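All remarks here apply to the structure that follows.
Please treat every number below as a calculation from the coordinates, not as lab data. This structure is a prediction, so every number in the text was calculated from the model and none was measured. Cβ sites come from the backbone with ideal geometry, for glycine too, and all protein chains shown count toward neighbours.
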Amino acid sequence: MKKIALVKYAKRKENIYKVLDLISKDIQLYNKETILIKVALPGFKEIYSNTNVEAVEILISYLKRFPSIKNIIIAEGSQGFYYNKPTSEIFKRFKYNQLERFNVSLLDLDELEHNESVPVSLIDGTTDTIKIVRPKYDYMISLVPPKTHDFLILSLGMLNMIGFVHPKDKIKLFGVRYEDGSKRSLYSMPRFLHAIRVAHKNLVELVTRIHPDLSLIDGLYGMEGRGPLKGSPVFHGFAIASTDFVKTDALCSYVMGFKPDDIGYIHYSKKKKLGSTDFRAVIGERLDYVKFPYRAHPNFENQKKWREHNHGY
């Protein structure tokens, strides 16, 4: 069984180094040359919605321990596309360009050819496909902050994989085509209820095909309320890491005060045996010491209705 670690310190470097050291035997990096760090940069102005650049710098310094690693790539395909803000501009705004002094490269996934198809369901009852990109790497690490979400309840490591989706196809994960309307158009009922019923399953279809080898949650700060962009920051001071990306999200949801089985994509990932949701053997800190209830999104009661009329898996 893959280990999962949980730590709680007041400083980001202590959190990241300690949580990775606790599962070091599971992190097989000694024969890896190219490491891809998948960050989340959905906001152009919202500091706490994004992977903190300091966390990336700390992770880079940790990876420098391994002599086999020759290339480190920081990758993202930001949702800034919908606001006419390319990922390259968001990299610069949040000082990611300064990371290049560590001999790493920044990769805008939106600029690559997306030539792999993933099936998705739409709210009109039809099916379609999304195009994803699969850059060359030997090992992928997902690094994100914990946040609430306006559709999927929580935004954690699995949702970070949306960056590999073609910019115009990201909206399809929520059940509509790019030309048929924006994500905002789904807020009205009953379109919202249709959207959440397909979105959780669509995300699982995505992570079935592309997912991290190591999932790392930097919970020094989280976001509650109107996440994933407009929520309020929470100083939480924790970190979680595991080579089981499902277990990472399950434990993170728990320490945020949610039931893992109430999160549709965690529930379906477990059903498909993509990972475990059993974190009782967590190493590091006590769960009751770290657990802190986040305010859910104001639409939480409707968000939980993803279970209604859902079949399959």
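I want the antiparallel fraction of DSSP beta bridges within segment 4-307, as a percent rounded to 5. Before the final figure, lay out each step's value.
Details: 24 of 45 bridges.
Here the share of antiparallel DSSP bridges comes out near 55 percent.
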**Message:** Need one word for segment 185-313: rounded, prolate or oblate. Basis is the Cα gyration tensor (sqrt eigenvalues a ≥ b ≥ c); a/c below 1.5 gives rounded, then a/b vs b/c decides.
**Reply:** oblate
**Request:** Specify the inter-centroid distance of segment 263-313 and segment 108-128, based on alpha-carbon positions, in whole Å.
**Result:** 25 Å
**Complete:** The Kirkwood hydrodynamic radius of segment 1-40, taken as the inverse of the mean 1/r over all distinct Cα pairs, in Å, comes to 11.9 Å
**Complete:** The ³J(HN,Hα) series, computed from each phi in segment 169-178 with the Karplus coefficients 6.51, -1.76 and 1.60 at θ = phi - 60°, rounded to the nearest Hz and given as x for glycine or proline, is 9, 4, 5, 5, 4, 9, x, 10, 7, 4
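Want the number for Ser117 to Leu193: 0.36 nm per residue separation, take away the alpha-carbon distance, what's left?
24.8 nm
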**Request:** Scan [x] 1.28; [y] 1.16; [z] 0.92 for the value of Cα Rg over 2.2 N^0.38 Å calculated from this model and give just the label.
**Result:** [z]
**Prompt:** If you take the charge dipole of segment 4-307 about its Cα centre, with +1 on Lys and Arg Cβ and -1 on Asp and Glu Cβ, which of Phe258, His200, Thr126 is farthest toward its positive end?
**Reply:** Phe258
**Fill in**
For segment 241-248, in residue order, the Karplus 3J(HN,Hα) values (coefficients 6.51, -1.76, 1.60; θ = phi - 60°; whole Hz; Gly and Pro = x) are 8, 6, 7, 9, 5, 6, 5, 4
**Request:** Assuming R0 = 30 Å, can you tell me the calculated FRET efficiency for the pair Asn31 and Ser185, based on Cβ-Cβ distance, to the nearest 0.05?
**Result:** 0.05
**Relative contact order [Cα under 8 Å, 6+ residues apart], the chain, whole percent** = 23 percent
**Request:** Kindly provide the trypsin sites (Lys or Arg not before Pro) of segment 145-220 that DSSP labels as loop, not H, G, I, E or B, and whose Cβ sees at most 16 other Cβ atoms within 10 Å.
**Result:** Arg177
**Fill in**
Note, segment 212-217: 3J(HN,Hα) by Karplus (6.51, -1.76, 1.60, θ = phi - 60°), whole Hz, Gly/Pro = x, goes x, 7, 9, 10, 10, 9
**Complete:** In this structure, the FRET efficiency calculated for Lys70 and Lys272 from their beta-carbon separation, with R0 = 35 Å, to the nearest 0.05, is 0.55
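What does the extension gain come out to for Thr208 and Arg307, with contour length at 0.36 nm per residue minus their alpha carbon separation? Please report the intermediate quantities before stating the final value.
Working: separation 99, 0.36 × 99 = 35.64 nm, distance 2.02 nm.
In short, 33.6 nm is gained.
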